[in-house]
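Enquirer: First, the structure itself, so that you have it in front of you.
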Amino acid sequence: MPAENRVCLGETIFDDGGAIIYDYDIPGYTVIAVKGGTILIDSSLCREDSSTGRLRFTCAHELAHWLLHKRLYSGTGESAAMMTGTNIVRTQNSALEMQANLLGSILLMPLPQVKRCFYQLQSGRDRQQLVADMAGIFQVSKQAMRIRLENHHLL
Ligand SMILES: [Zn+2]
């Protein structure tokens, strides 16, 4: 599997201790000391050519894990990690992932603002253009915006 498929995009640390990270300067894996409540974000998401939407969604998703799941994970030594690719999934519980995705999307795309924007922009735009323009305004991916609008029957 190519290395880029193994990148951990974000990870929420629930307990004080060590976290295994990929250090691009070594290059290789290393252990760093972290405090519970730390959210680690892969630096590849912060590059200029990287998608702002992806960075923002990863941060919101990890924050949602902290808000929703800290009681569940604290004391277990487990962390919640968002990985690229499908072969390595350290967070096995898809219900928890769905919760983090949902709260993440609510944080980035609050419904009152989404609805106001939708009704202001909808005339004269086809569905594709509307999703693209709204994704730009909210700085999320087009896919995330499409899902948010579909879930509220706006598309
Ligand atoms: Zn997650």
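Enquirer: Mind checking which of Cys59, Gln143, Thr30 is farthest towards the positive end of the chain's charge dipole, using Cβ charges of +1 (Lys, Arg) and -1 (Asp, Glu) about the Cα centre?
Expert: Gln143
Enquirer: Which helices of the chain meet both criteria: a Cα extent of 27 Å or more along the helical axis and a mean Kyte-Doolittle score no lower than 0.5, with helices taken as whole DSSP H segments?
Expert: Helix filter hits for the chain: none.
Enquirer: Here is a further query. Could you calculate, for the chain, the ratio of the Cα radius of gyration to the Kirkwood radius, expressed as Rg to Rh?
Expert: The Rg/Rh ratio comes out at 1.02.
Enquirer: Taking Lys35 as the anchor, which lysines have their alpha carbon closer than 18 Å to its alpha carbon, excluding any fewer than eight residues away along the same chain?
Expert: The qualifying lysines are Lys70.
Enquirer: Taking Lys115 as the anchor, which aspartates and glutamates have their alpha carbon closer than 19 Å to its alpha carbon, excluding any fewer than eight residues away along the same chain?
Expert: Lys115 reaches Asp126, Asp133, Glu150.
Enquirer: For Gly10, what residues show an amide H to amide H distance below 5 Å, using hydrogens built from the backbone and excluding near sequence neighbours?
Expert: For Gly10, the qualifying residues are Asp42, Met82.
Enquirer: May I ask you to order 146-153, 47-54 by the average number of other C-beta atoms within 10 Å around their residues, highest value first?
Expert: 146-153, 47-54
We did not get these values from a lab; they are worked out from the coordinates using the rules stated. The structure presented is a predicted model; accordingly, all values stated were derived computationally and were not measured. When we count neighbours, we look across all protein chains shown, and the Cβ atoms used for this are built from the backbone with ideal geometry, even at glycine.
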